[in-house]
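The values are calculated or read from the model by the stated rules, or taken from the named source; none is laboratory data. On a predicted model such as this, the values are computed, not experimentally measured, just so you know. Positions of Cβ are generated from backbone atoms using ideal geometry, with glycine treated the same way; all protein chains shown enter the neighbour counts. The accessibility values were calculated without ligands, DNA or RNA, using every heavy atom of the protein model including side chains. Shrake-Rupley method; radii C 1.70, N 1.55, O 1.52, S 1.80 Å.
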Amino acid sequence: MTHTFTPTRTVPPLPGTTLLGLKATTLLELGDAARQGFQTAALERFARHLGLTLGDTLDLIRLSESTYHSYRRKGKPLSSDDSTQLYHLARVTEAAEGYFQSVTEAHRWLMTPRATFGDHTPLQFALLPGGAEYVTTLLSRLEHGVYT
C-alpha cells in the first residue's frame, strides 16, 4: 500500500521576497529568479514601500537611471547582480520591520547613518559583501537581548 504525503501547511516565502512581489519559498527558487533578473516592478515596489524616490533607490544599488529606463522600456529584467542587491535590501528591510514592529521606526533606522556600520546607513551597509547577513544578525541579537 502506497501512502502519499500531503502537506498540512503552506511553506512561507523567504524573508524579503514578499516586499519584491516574489513567491520564492526556497533558496533554489530565489536563486533562479535572481539569475533570470527581477522585473523592474520589483524595484519600484520596494522604493514605494520604503518611501524612497526611484532615483534614490537606483543610487543605492548603483544602477544608472538611463540603464533602468532602458530595461523598463524594453521589458527586460534587471541584471542578476542588481536583482541580488535588491533582494539584500528587501531582506534587511523585512528584518528591521520585524524587530521594530513599526514600519516608520524601521525605515528611519534603516536610513540613518550608524557608527556600528562605519557611519553608513544599514541599507548601504547591507550592500557590502556579507553586509546583509551582518545587519540581520545584529537585529536578531538585539531582539534576543544580546549586547551588541
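Among residues that are more than 22 Å from L58 (Cα to Cα) and hydrophobic (A, V, I, L, M, F, W, C), F100 is included. Number of residues in the range 54-89 that are among the small types (G, A, S), more than 15 Å from L127 (Cα to Cα) and in contact (Cβ under 8 Å) with a residue 40 or more places away in the chain equals 1. The condition of being more than 18 Å from A34 (Cα to Cα), in contact with a helix residue (DSSP H, G or I) (Cβ under 9 Å, 6 or more places away or on another chain) and in contact (Cβ under 8 Å) with a residue 12 or more places away in the chain holds for only one of G51, G118, that being G51.
Residue check: is S66 more than 21 Å from G131 (Cα to Cα) and small (G, A, S)? In short, yes. Could you tell me which residue of the range 5-28 is most open to solvent (accessible area, probe 1.4 Å), considering only residues that are more than 13 Å from T84 (Cα to Cα) and part of a helix (DSSP H, G or I)? Restricting to residues being more than 13 Å from T84 (Cα to Cα) and part of a helix (DSSP H, G or I), the top hit is L28.
Restricting the range 29-62 to residues that are among the hydroxyl-bearing types (S, T, Y) and assigned to a helix (DSSP H, G or I) leaves a set whose member that is most open to solvent (accessible area, probe 1.4 Å) is T40. With respect to (1) of a type outside the set (S, T, Y); (2) touching a strand residue (DSSP E or B) at 6+ places or on another chain (Cβ under 8 Å); (3) modelled with pLDDT under 95, the lone exception for P122 is condition (3).
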